[in-house]
Structure formats: structure tokens, C-alpha cells
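Readers should treat all values here as calculations from the given coordinates under stated rules, not as data from a laboratory. Source: prediction; values computed, not measured. Quick reminder, even Gly has a Cβ in these numbers, built from the backbone with ideal geometry, and neighbours come from all protein chains shown.
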Amino acid sequence: MNAFFSRTARVFLAINLFSFSFFSYAQDAEYEWVETTGVSSGGSNNEQTHDVAVDGNNNVYAIGNKGGAINFWNGNFISNTHKGQSDIWITKFDENQIFQWTTNIGGSGIDDGYSIDVDAAGNIYVTGQFQRTTGGCEFGYAGFSSTPFATINSSGNNIGFVAKINTTGTWQWVKTFEGGTCFPYSISVDPNGNVYTTGRFTGTVDFDPGAGTNNLTNSGYSNDAFISKLDNNGNHIWTSQFGAPGGSNFNDVMGRSITSDASHVYVKGYFKGTVDFKSSGDFSSKNLTGSTSYFGDYFVIKVDNGGTSTKWAHHISRSGANAYTQGRSIALGSDGVYVTGEQGSQAFVAKLSNGNFSTSQTWLKNYGSNSQGQALTVDGSNNVFITGNFGGTVDFDPNSGTQSLSAAGTKDVFISCLDLNGNYVFAKQLGGTSTNNNGMGIQLGTNGEIYSGGWFTNTTDFDPGTGVENRTSEGSRDLYIHKMHEKSCSPVYGTDTQAACGSFLWIDGNSYTSSNNTATHTIPGGAINGCDSIVTLDLTMPGPNASGIDTRTECAPFTWIDGNTYNSDNNTATHTITGGAANGCDSIVTLDLTIDGTVDNTTDTRTECAPFTWIDGNTYNSDNNTATHTLTNQAGCDSIVTLNLTIDGTVDNTTDTRTECAPFTWIDGNTYNSDENAATFTLTNQAGCDSIVTLNLTIDGTVDNTTDTRTECAPFTWI
């Protein structure tokens with residue numbers, strides 16, 4: 001399921017602009033035409049479009065199922081006959097809804113056409129399955145020839161097929177995967193014309209449709225997924241199988257949608273339990289573990305185009321949705337891998353990074369409840385277009401805004417668009433009273449066309465705008481092919497004025513070395529209204545040199561950017577900075593210097609005793625003539641003081657230890673009556689430095705004072 005213009009990888013070049021930036025926005029869309037048809041009586045009355053593809057000329061191709069003979073319009077009705085319970089139809093219309101051709105596949109059983117893709121030459125590739133029946137399955141019946149291209153009655157129950165039809169509707173080849181049961185759900189053609197399919201199988205299936213054999217057998221009783229690669233002629237190249245480790249009977253896995261580029265193939269699908277997604281050349285497992293409930297979870301894997309290495313495997317929880325039926329669509333943008341489906345009754349769109357060996361979920365956006373995402377595609381600006389169905393009232397703005405649509409019937413079709421960051425762009429609905437509709441496929445044309453397909457019931461309005469385009473189903477369910485286009489708008493013109501020196505690289509990728517006012521460049525969708533922006537260059541070369549004045553008030557001496565030292569005022573000196581201007585030209589600077597003062601240099605000569613603490617806060621114990629300290633003088637300039645210190649002696653510290661009777665008077669003149677060891681007294685030593693004496697006094701007794709009173713005759717001699 002990989003149409004050429006919307007699911008082939010693209011390479012984009014991002015350019016930084018000098019004076020402006022442009023971004024591409026998807027536009028609102030409006031109705032153009034719809035093709036509907038069905039079976040009014042007989043058969044199952046169950047017609048539906050399963051997938052659409054678009055070629056480089058905006059021709060649209062579609063594939064689906066029919067329960068009876070249906071008619072496509074071509075000026076008159078062309079009858080499509082019918083073979084069995086459910087046949088496959090394939091058709092082509094040009095961009096103006098002019099019928100080109102139709103062809104059919106069918107036998108007497110139930111046959112299904114699932115997916116369609118187109119290569120660069122307009123060749124069509126389809127895939128599906130047919131039931132083994134008596135008489136076989138006819139490929140190419142009731143087209144331009146009454147004789148079918150091939151009738152195949154192969155072994156197996158449900159036989160997978162891949163077929164190629166050229167742009168005129170002529171069958172080229174049909175290849176089958178025989179034995180067991182095989183359902184190829186999706187097809188993709190890479191830029192080299194290789195054909196990839198993915199789906200599920202049980203039993204033993206031979207995936208080599210030629211003379212060789214490539215038998216694969218599923219694990220236990222569960223479905224296994226496969227990826228098959230054929231060349232442009234339908235020859236087998238390789239097939240990979242993915243199943244539960246150890247052949248668990250309860251771990252289903254199937255591929256539901258596939259896309260490819262020149263180097264890799266990408267698959268989204270359904271799985272239950274633990275599944276190893278490693279390829280034949282991988283040394284380590286690529287196990288994912290999902291829900292074991294009936295509904296299962298989603299997987300997304302990236303495999304190299306040789307089928308030997310699974311680069312990464314990613315798990316997305318279903319959260320209550322039926323992953324078996326809703327793991328439907330994958331698309332490749334220039335900036336990542338996009339998938340859609342259903343989570344917990346809500347349609348979701350997820351963007352994954354596309355690393356070489358790993359991936360991460362960039363964002364995941366949900367719509368409101370009772371919605372299902374069935375198919376999506378991505379444009380060149382990584383805007384994402386999605387189709388599916390919804391019931392009730394659903395908000396299609398997955399962010400903080402509200403953009404609600406209310407279904408007119410049980411289920412209406414939605415066609416919506418998000419930008420590359422998952423922001424709302426638009427949402428449209430196709431519905432009517434008592435309808436039960438579903439959008440199944442969507443692809444883009446080369447000029448903003450949006451093609452989609454699905455089925456509808458009862459009366460449905462296919463104009464999502466203010467007009468009315470009612471169609472009423474002929475049976476219980478009819479198919480439709482629908483076209484909208486992005487609303488046209490006029491380009492916005494602008495001028496990019498630049499001045500440069502040397503060489504100038506513009507947004508058109510060209511380098512200019514001289515003045516130019518004629519070059520133009522168109523940025524698709526670059527205007528703010530989403531239309532094209534057409535820019536004219538107005539370039540002057542060489543551009544003007546920049547000039548400026550460097551005004552400074554400084555202290556002398558002053559050294560400028562020219563490397564010169566100035567001691568007086570100066571307003572004539574200049575200096576050229578080569579290429580220094582913003583436009584790449586030279587920048588010429590003129591000095592405007594005022595000398596406001598002079599830096600002082602003085603010496604503080606001192607003869608001191610050690611230790612000595614200076615104005616810088618440091619303590620010196622020896623001679624020093626290198627220490628400096630900067631002060632600010634009266635003119636505001638620096639005053640740099642240099643210390644010239646001579647240490648002439650050292651401060652003495654001694655202890656005077658004494659044992660005395662109280663009271664005791666020391667050299668400090670103080671009298672002590674008790675022990676003392678803290679008192680100090682400073683003397684001057686022989687060197688003229690301080691001699692600090694500390695008292696260590698012990699009082700050993702006290703001086704007694706008594707009176708000897710006597711009455712004596714003279715002369716009297718006392719003691």
C-alpha cells in the first residue's frame with residue numbers, strides 16, 4: 001500500500017535564510033468529484049474500495065471487492081460481469097473523472113483485492129487472495145477482452161497473489177503464493193521497481209512463485225507474518241517470516257501495511273504475546289511483547305532491502321482497540337515514519353523517528369472517541385492526510401483546540417490533515433442520515449489533489465463543503481472514489497535586499513560574486529497564507545564597509561586594538577577589521593581617546609620588626625621588595641604601590657615566672673593578690689623591637705600587718 005508520489009522516501013534540503021524564513025502549510029480542501037457504483041439486485045450487494053494509488057499524471061487507480069455485476073461510467077455504461085460470491089475489480093480514471101479502463105479477478109469463491117501501488121512508469125501492482133475452487137480463478141476477465149489473461153487453480157485454501165498491469169490496462173504477469181493459507185494485505189513498489197508484500201499465513205506456503213521453492217511453515221497454530229520481495233518481473237528475491245519464539249500456539253502476528261524506499265522496507269501490523277522480529281542476518285533478537293488478548297497490539301519494523309537485518313522494532317499499545325483489523329496504514333515522510341489505527345475507540349496518528357538502528361515515538365495524537373483511522377499518506381512538507389470513520393461527535397483537533405464534527409449517520413467518513421508536528425489543519429466528513437460509511441484508502445496527486453476511497457450506504461453527501469453532492473447506494477453497500485483538492489491561492493511576492501562582500505550564497509543555492517536584482521526563487525507554500533512565496537534578490541556587491549567610533553576615557557598608558565600604547569588624547573587613530581562588518585565587508589574603527597589621568601607607581605619603604613602586616617592584608621616575616629597593591633588615586637586611575645620591606649628584628653615573647661606573697665606589684669604597676677598567667681607587658685629589646693613579657697605568678701602567702709603596743713622607759717631597744 002505504497003503509492004508512488006506519497007509513500008516513496010524524499011530528500012529535502014534545508015537552507016538558512018538571512019532576513020526571513022518560510023514554512024509550508026497544508027491548505028483547506030474542497031470537493032471536486034466522486035465516482036460511485038454498486039449492485040442494485042443479485043449478488044451480495046456489497047461493493048467497496050479498499051485502496052487507491054495515483055501516478056505522476058494524476059491518474060487515479062483503485063481496487064476493491066464486488067458482490068455482483070457493477071458499472072463504471074464512460075459516456076455509456078460498461079458492464080462488469082461477476083463470477084462468484086465476491087470478486088475483485090481494478091479501475092483507472094484520469095484526474096477529470098474520465099473513465100480509462102477496468103479489469104476483474106474472480107472465481108466461484110470469495111476473493112479479495114486488498115492493495116494497489118503504481119511505479120514511475122505508470123505500471124500497476126495489486127495484491128490479494130482467492131479461494132481454490134472448481135474452474136479456478138480468472139485474472140483479467142470482462143475488461144477489454146472476453147478472454148481472461150490467466151486462469152489459475154492452485155493448491156491451498158486461500159491463495160495469495162501479486163499481479164502487474166501496465167498503464168493501459170494490459171496484464172503483464174500474475175504470481176501466486178501457494179499451499180496453506182496466505183493473505184497478502186499490502187503492496188509497495190520501491191524506486192527500483194522491486195515489489196514488496198506483507199500479510200499473514202498458516203500451514204506451509206511456497207513464497208517462490210517461479211520454478212524454485214521457498215517453503216515457510218507457520219509457528220504452531222497461529223498466524224505468522226511475512227515480507228516478500230519480488231523483482232519487477234515477478235521473480236522471487238527473498239521472503240522473511242516473523243512468528244512467536246518456540247512456535248507458541250497463542251501468539252498471532254501479521255503484517256497489515258507496507259511501504260518502502262530505495263534501501264529499506266517498513267511494515268506495520270498486529271501481534272499478540274512475544275514475537276521475535278529479527279531477520280536472517282541478525283545476531284540478536286528483536287523481541288516485542290504485546291497484549292495476549294484477542295485484539296492484540298501494533299508493531300512497526302524497519303528491515304533492510306536485502307531482508308537480512310531488522311534495523312528496529314517498535315511496539316504501540318492498542319489500548320482496547322481491535323489491532324487485528326485496524327493496524328492498517330503506514331507512510332514514509334522525509335522526517336520520519338507515520339502510522340495510523342485505533343486506540344481505545346479513538347483514531348490515532350503516530351510519528352516515529354527513522355534512525356538507522358533505533359526509533360523513538362516523536363508524537364502520538366488521538367482524535368475523539370468512536371473514531372477509527374484506516375489509511376494515511378504524507379505530502380512533501382510532511383503534512384499527514386488521514387481517512388477513516390467516526391460516529392457521534394468527535395473532536396479532530398488532537399491538541400488543546402476544538403474542531404468537532406458530528407456524524408449524520410451511524411458512521412461517517414472523515415478526511416483530515418495534521419501538520420508535521422501533529423497540529424490540526426482541517427477535517428472533512430462524508431455522510432448522511434442512517435449511513436454506515438468507511439474511508440479505506442487515501443493518496444495525493446502532484447498538485448494538491450486528495451484522492452480517497454471506501455464504501456457508503458443509503459444517501460451520502462460527498463461534498464464536505466457548503467454544496468450538496470448526494471449519492472444513494474444501489475445495494476446495501478456501494479463503493480466510492482472521491483477527489484478533493486487544496487484550495488487555490490495566489491502567490492505572495494517579496495524582495496530580499498542584501499549587501500555583501502566576496503561571495504554571497506542565496507536561498508536558491510547559487511553563490512553570487514556581483515550585484516544582482518533579477519534572480520528569483522519560488523518557495524512552495526512559503527507564504528504565511530500557505531501559498532507560494534516568490535522572492536526576488538536585490539543584491540549589492542561589494543557592499544559598503546562599516547565604520548564606527550570607539551569613544552573611550554582612560555588612564556595613561558592605554559593600549560588600543562591596534563596594539564599601540566597612547567599616553568595622551570587621540571581622535572585620529574584608525575584600525576581596520578577585515579570582514580568584521582555584519583555583511584562580510586571591512587569594519588573601520590576610529591579612536592576617540594581622552595586621557596583622564598596617569599597610573600601612579602610608588603614605593604613604600606619600611607624597616608619593621610617581624611611579623612609585619614602590610615596594606616594588602618598579608619603578614620611578612622622576612623625582607624620583601626616585590627609585593628604590590630593597587631589603590632585608586634584622586635584622578636580615578638590606578639595607584640600601584642610596591643613594598644620595600646626590611647625586617648630589622650623580631651618581636652620577643654618571654655615569660656616572667658614568679659612565686660610571691662600577696663600583695664605583689666609587677667612591672668606593669670599593677671598589684672596582684674592571686675595567681676595570674678595572662679597579664680602581659682611590652683618592653684623594647686636591644687634591636688628596638690617589642691619584647692612582650694607574660695606574667696606567670698603563683699601567690700604563696702600573704703604579708704601580715706600587726707601592732708606591738710608597749711609602755712617602756714627610755715631608752716628602749718625594740719626587736
Compute the relative contact order of the range 442-564 as a whole-number percentage, counting only Cα pairs closer than 8 Å that sit 6 or more residues apart in sequence. 20 percent
Using Cα centres only, tell me the gap between the range 584-659 and the range 116-195 in whole Å. 98 Å
Show me 400-413, 422-435, 376-389, 509-522 ranked by packing, highest mean number of other Cβ atoms within 10 Å first. 376-389, 422-435, 400-413, 509-522
Whole-number Å³ per residue for the convex hull built on Cα positions in the range 546-598: 58 Å³
Neighbours of L539 by Cβ distance under 12 Å: Lys/Arg at +1, Asp/Glu at -1, summed charge -3
Quarter of the surface of the C-alpha convex hull for the range 293-431, i.e. direction-averaged projected area in nm², equals 8.6 nm²
Using a cut-off of 12 Å between beta-carbons, work out the net charge of the residues near N215 (Lys and Arg +1, Asp and Glu -1, N215 not included). -3
Going highest first, how would you order 559-569, 211-221, 59-69 by mean Cβ packing within 10 Å? 59-69, 211-221, 559-569
Within the chain, helix-based [θ] at 222 nm, where runs of 4 or more DSSP H residues each add -39,500 (n - 2.57), nearest 500: 0 deg cm²/dmol
Each label sits 7 Å from Cα toward the beta-carbon; between D656 and N517 the label points are separated, in nm, by 10.3 nm
Rounded FRET efficiency, nearest 0.05, which uses the C-beta distance separating S334 from I528 and R0 of 22 Å: 0.50
Rg ratio (alpha-carbon, reference 2.2 N^0.38 Å) - the range 179-327: 0.97
Over 18 Å [Cα-Cα, the range 436-511], rounded percent: 62 percent
Could you give the semi-axes, largest first, of the ellipsoid that matches the range 492-540, computed as the square roots of 5 times the alpha carbon gyration tensor eigenvalues and rounded to whole Å? 22, 10, 8
Between beta-carbons, use under 13 Å as the cut-off and find the net charge around I699, counting Lys and Arg +1, Asp and Glu -1. -3
Order of V394, V492, V174, V126 under a 10 Å beta carbon neighbour criterion, fewest first: V492, V174, V394, V126
Using only the alpha-carbon atoms of the range 652-702 as identical scatterers, what base-10 log of I(q)/I(0) does the Debye formula give at q = 0.15, 0.18 Å⁻¹? -0.41, -0.55
Along the Cα-to-Cβ line of T682, 7 Å from the Cα, sits a label point; which residues in the range 598-613 have backbone N less than 13 Å from it? 609-613
Calculate the FRET efficiency for S353 and T308 from the Cβ-Cβ distance with a Förster distance of 22 Å, rounded to the nearest 0.05. 0.45
Against the 2.2 N^0.38 Å scaling, with N counting residues, where does the chain land? I'd like the Cα-based Rg ratio to two decimal places. 1.74
Kirkwood radius from Cα pairs of the range 600-650 plugged into Stokes-Einstein at 10 °C, 1.306 mPa s, gives D in µm²/s equal to 139 µm²/s
Straight distance only, please: which lysines reach the Cα of K268 with their own Cα at less than 23 Å, same-chain residues fewer than 8 apart left out? K229, K278, K286, K302, K311, K351, K365
Antiparallel content of DSSP bridges confined to the chain, in %, to 5: 80 percent
